[in-house]
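Data first, discussion second: the structure below is written as structure tokens.
The values are calculated or read from the model by the stated rules, or taken from the named source; none is laboratory data. Predicted, not measured: the structure shown is a model, and the values here were computed from it. We place every Cβ from the backbone using ideal geometry, glycine too, and count neighbours over all the protein chains shown.
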Amino acid sequence: MKRGIILVFMIFSVLGTIAQPKAKNTTDKTLELSNNKICVKQDLTRGGAIYYISKSDEERNIVNIYDEGRYIQQSYYAGNNIDRQAEGQAKAWSPWAWNPIQVGDNAYNRAQILESWQKGNQTYVKCIPMQWDMNGMPAQATMEQWTTIKGNVIKVRNRLVCSRTDDIYGEGVVCSQEIPAVYVISALKNLYSYFGDKPFSNQPIRSTEVKQLILNDPEHFWGLYRDASEQWMAFVDDSNWGLAVYSPTAEAFLAGRFDSFLEGDEHHVACSYIAPIRQEALKKDSVMEYEYYLVIGTLDQMRKNIYKFKRKQK
């Protein structure tokens, strides 16, 4: 049931978006880090979510930001689905679980930034997220994000601190948590990983069928991939260049494409999607923390970097 919540949320969102790194063009609305490989930007009007990634010598953004449900952002689920329409819950999102969102809610009310800073090759943001299904209701929680870049790698640490006082959702409900949700442009259309029972042994990687999201068809949701055992998946273009998501605590992945016959820029409805997921029950006072890596480059470059991260974890 909770996996269904995530899938429904994604359906609506697709309809609705080695030199020392240096900081540049930081404003009250943007944090930006860049080096001679990549550039990454965070939107301080949308909870500090990552909204831009490009090669350092190009201006093509590979993050899809068609609507508030996209970006690269934190999103969590807790408790049972309940009907709160009398309190302003959107009819399309009722009944719904407790669902804090980093960017904002379905009515385009955005998260409040509590703190942000940038030091060297690291940024930090702290925000009060919004409850997705409600209109202008801040969640009783805070989200934090530490972001660093080195070479062609973006490392992110996320933390959710719950401080709920409600008694309406219930406790102990296990949900599929996206760690994190990643939307990229539709030109990155080929899905790759290692699928097998001998992870991190340099066995061949391969492409896999990409699920095509078809609206109003319950048989065509995002694909569930349980055998991506190296805990990464990548969307690449026809030259095998693109973005990989490595999430060391992932138990499975969701991935797919919307409007697969179309290609466009970061504002286009067509997109590709990856979410490492793990099962976790968030309580009213839970603290959930995880880290993940975004690796930009060719498939060979991605895997070499991911193997390095794995060795450091031992």
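Select from region 267-283 the residues that are outside any strand (DSSP E or B) and buried (at least 23 other Cβ atoms within 10 Å of the Cβ) and list them in ascending order. Spell out how you get there, then give the answer.
First, the residues of region 267-283 that are outside any strand (DSSP E or B): 267-270, 281-283.
If the condition is that a residue be outside any strand (DSSP E or B) and buried (at least 23 other Cβ atoms within 10 Å of the Cβ), then L282 is the only one that fits.
Which pairs do you get when a residue that is more than 15 Å from S193 (Cα to Cα) and at pLDDT below 95, found in region 264-282, comes within reach of a residue that is of a type in the set (A, V, I, L, M, F, W, C) and surrounded by fewer than 20 Cβ atoms within 10 Å (Cβ to Cβ), reach meaning Cβ atoms under 6 angstrom, with the pair 6+ apart or on two chains?
Cβ pairs passing all conditions: A270/L262.
Mind counting the residues in region 159-177 that are surrounded by 18 or more Cβ atoms within 10 Å (Cβ to Cβ), among the aliphatic types (A, V, I, L, M) and assigned to a loop (DSSP other than H, G, I, E, B)?
Here the count works out to 1.
Give the residue that is farthest from the chain's Cα centre (by Cα), with candidates limited to residues of region 103-142 that are closer than 20 Å to E68 by Cα and of a type in the set (F, W, Y).
Y108
If I filter region 292-307 for residues that are modelled with pLDDT of 95 or more, under 16 Å from Y77 (Cα atoms) and either surrounded by 23 or more Cβ atoms within 10 Å (Cβ to Cβ) or touching a Gly at 6+ places or on another chain (Cβ under 7 Å) (or both), do I get at least one hit?
Step one: list which residues in region 292-307 are modelled with pLDDT of 95 or more, which gives 292-307.
Next cut, under 16 Å from Y77 (Cα atoms) only: none.
No, the conditions are met nowhere in region 292-307.
For N35, indicate whether it is touching a Pro at 6+ places or on another chain (Cβ under 7 Å), surrounded by fewer than 23 Cβ atoms within 10 Å (Cβ to Cβ) and either acidic (D, E) or within 24 Å of L188 (Cα to Cα) (or both).
Criteria met by N35.
Here is a yes/no grid of residues against (1) crowded, with 18+ Cβ neighbours inside 10 Å; (2) under 30 Å from W93 (Cβ atoms); (3) modelled with pLDDT under 95; (4) in contact with a helix residue (DSSP H, G or I) (Cβ under 8 Å, 6 or more places away or on another chain):
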residue: N121; (1), (2), (3), (4): no, no, yes, no
residue: C127; (1), (2), (3), (4): yes, yes, no, no
residue: N135; (1), (2), (3), (4): no, yes, no, no
residue: K150; (1), (2), (3), (4): no, no, no, no
residue: R157; (1), (2), (3), (4): no, yes, no, no
residue: I179; (1), (2), (3), (4): yes, yes, no, no
residue: L191; (1), (2), (3), (4): yes, yes, no, no
residue: S201; (1), (2), (3), (4): no, no, no, no
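Restricting to region 72-115, name every residue that is part of a strand (DSSP E or B), surrounded by 18 or more Cβ atoms within 10 Å (Cβ to Cβ) and among the polar types (S, T, N, Q).
Q73, S75, N81
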